[in-house]
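First up is the structure itself, then whatever we jot down about it.
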Amino acid sequence: MISWSWSLHPNCKGEDRVIQPTADVTAAEGHTVTLDCKFETTDSFPYLFWYKQEENDFPQYMIKSFSKEVDISPEFMKERFNAEVNNKSVPLKIQKLQVSDSAVYYCALQPTVTGNTKTLYKNLWKSVTLSCQYQTGSEYPALYWYRHDSDLQAPQFILYKGAKSRSALQYIPDDRYQSETTATSTELTISRLTLNDAALYYCALETQ
């Protein structure tokens, strides 16, 4: 038997949010399972994302869904994974279940938290700090930062940093990036800027 659970609860600006069941889902190997994700947004053309997070690892981008268009990461086979926007939901369907599919799955609505939408211009080799606000009743939140170069590429994970009771938790693989968190906000600082740093940056909130 294989177990799945997913527990991300993003908080978006305005009335934007995603709603996911918190119960574990169990299914037999070789069968099909559908993980539900409902969303509310004032955006007429929202982007929805699905991520997979294995134990002691950072979230892995799986699928981006926009209207009837679905972009699936090459690491996930199209014949086994799919997620199409259907009215106000974007269920993830996994077929021919394998033991390696056991993980935490969560969906995200772009934008997932209230951020600074201004374009920042900085000189090369200088530093820049980006910030966004979040709200959660959880005492164990973690904030993730991603960069998105273009709609033709999947978002790239940068780092995660815990807050409140998880403030000692962090994973920052590149020393050019630093992050600070409070009970209501997170900051990303990028040092020694290069031309390759030009991109869209956004953060996501995970709760336990």
Discussion item. Net charge around LYS161, counting only other residues with Cβ within less than 12 Å of its Cβ (Lys, Arg = +1; Asp, Glu = -1)?
Written reply: -1
Worksheet item: Here are some pairs, LYS68/LYS96; LYS38/LYS68; LYS38/LYS161; LYS126/LYS161; LYS126/LYS164; LYS38/LYS164; which of them have Cα atoms lying more than 21 Å apart in this structure?
Response: LYS68/LYS96; LYS38/LYS161; LYS126/LYS161; LYS126/LYS164; LYS38/LYS164
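Each reported figure results from applying straightforward, stated rules to the coordinates on display, with no laboratory input. Nothing here was measured: the structure is a model prediction, and the numbers come from that model. Glycine also receives a Cβ, built like all others from the backbone with ideal geometry; neighbour counts cover every protein chain displayed.
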